[in-house]
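Single-structure report; data block below.
The values are calculated or read from the model by the stated rules, or taken from the named source; none is laboratory data. Since the model is a prediction, treat every value here as computed from it, not as a measurement. A quick note on method: Cβ atoms are made from the backbone with ideal geometry, for glycine too, and the neighbour counts reach across all protein chains shown.
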Amino acid sequence: MENLIIVLSALLKKNTDDNFDGMKINIPLFYCGIFSMTYLFPYFSLTSMNPSSMGISHPGIVPYQKFETADTPIIIAVANNNIWNRFV
């Protein structure tokens with residue numbers, strides 16, 4: 001959690017300080033991996049099923065995946081009902 005606070009603090013400083021010249025942030029890759037899997041832990045705990053590879057889709061946000069079109073694939077990521085209403 002403290003790593004997230006560090007990143008948010010750096011972003012806040014960047015947006016509020018005109019003289020901001022960057023900041024070195026040292027966050028272990030292990031923590032980044034754990035943080036990116038936060039939705040997988042409850043899924044496994046509740047279902048006892050091992051999560052499978054999902055590619056670019058997401059199990060909790062629908063639609064959030066690649067769709068084939070006549071000429072090129074597109075990715076649609078609609079995170080909530082308000083965004084869905086604007087999208088459609």
**Fill in**
Within segment 33-58, the residues that are in contact (Cβ under 8 Å) with a residue 12 or more places away in the chain and either out of contact with any strand residue (DSSP E or B) (no Cβ under 9 Å at 6 or more places or on another chain) or acidic (Asp, Glu) (or both) are Phe35, Tyr39, Tyr43
**Asked** Just one of Pro28, Pro42, Pro59 is modelled with pLDDT under 85, surrounded by 11 or more Cβ atoms within 10 Å (Cβ to Cβ) and at negative phi; which is it?
**Response** Pro59
**Message:** I'm trying to understand the selection: among the residues of segment 13-25, which are surrounded by 11 or more Cβ atoms within 10 Å (Cβ to Cβ) and assigned to a helix (DSSP H, G or I)?
**Reply:** Lys13, Lys14
